[in-house]
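Data block below; observations after.
The values are calculated or read from the model by the stated rules, or taken from the named source; none is laboratory data. Please read these numbers as outputs of a predicted model, since none were measured by experiment. Heads up, the Cβs are rebuilt from the backbone with ideal geometry, glycines too, and the neighbour counts pull from every protein chain shown.
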Amino acid sequence: MLPITSGPLERIWLLAHEVGHLLKHSGAASPARAHKVEVQADRWAACALIPEVAVQRYQNASVDAFIGALSRHYEDLPMQDCPQRRLAAEIATIRLKAIAGAP
Ligand SMILES: [Zn+2]
C-alpha cells in the first residue's frame, strides 16, 4: 500500500496518518466531512512524529527546528529543496499549528 519510491519519513508519515484515522474516526466520512477528517489525521500524525517531549526540547519551536528533529529521527534530509524536505516542512507546520491550538 505504501509507494515504492517513498523514503523513511514519507512511509512513517503515511502510516501515522492512517493510525490517526483508526484512532479518531470510524467508517467512511461524508463528503462534507472528508477534508476535516484528513486534517485531523494529519494533525494526529504530526503530533505522533513530533511528540510533546520533542516540542519541549525545542523551546523555540520553529519549522526549521522541527525539520531538524525529523531529519535526525526518521530520515537524513538534504539541505536543498527536495520532496522529502518539503514533506518535513509540511509536517512541522502542522505540528506548529497544533501547538498554537489552531483548528
Ligand atoms: Zn487520510
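Against the criterion of being small (Gly, Ala, Ser), modelled with pLDDT under 95, out of contact with any strand residue (DSSP E or B) (no Cβ under 8 Å at 6 or more places or on another chain) and under 16 Å from Gln84 (Cα atoms), Ala69 qualifies.
Remark: pairs (first residue in the stretch 68-90, without any contact (Cβ under 8 Å) to a residue 60 or more places away in the chain; second residue polar (S, T, N, Q) and surrounded by 17 or more Cβ atoms within 10 Å (Cβ to Cβ); Cβ separation under 8 Å; 6+ apart in sequence or on different chains) = Pro78/Gln84.
The set of residues in the stretch 20-56 being exposed (fewer than 14 other Cβ atoms within 10 Å of the Cβ) and in contact (Cβ under 8 Å) with a residue 12 or more places away in the chain consists of Leu23, Lys24.
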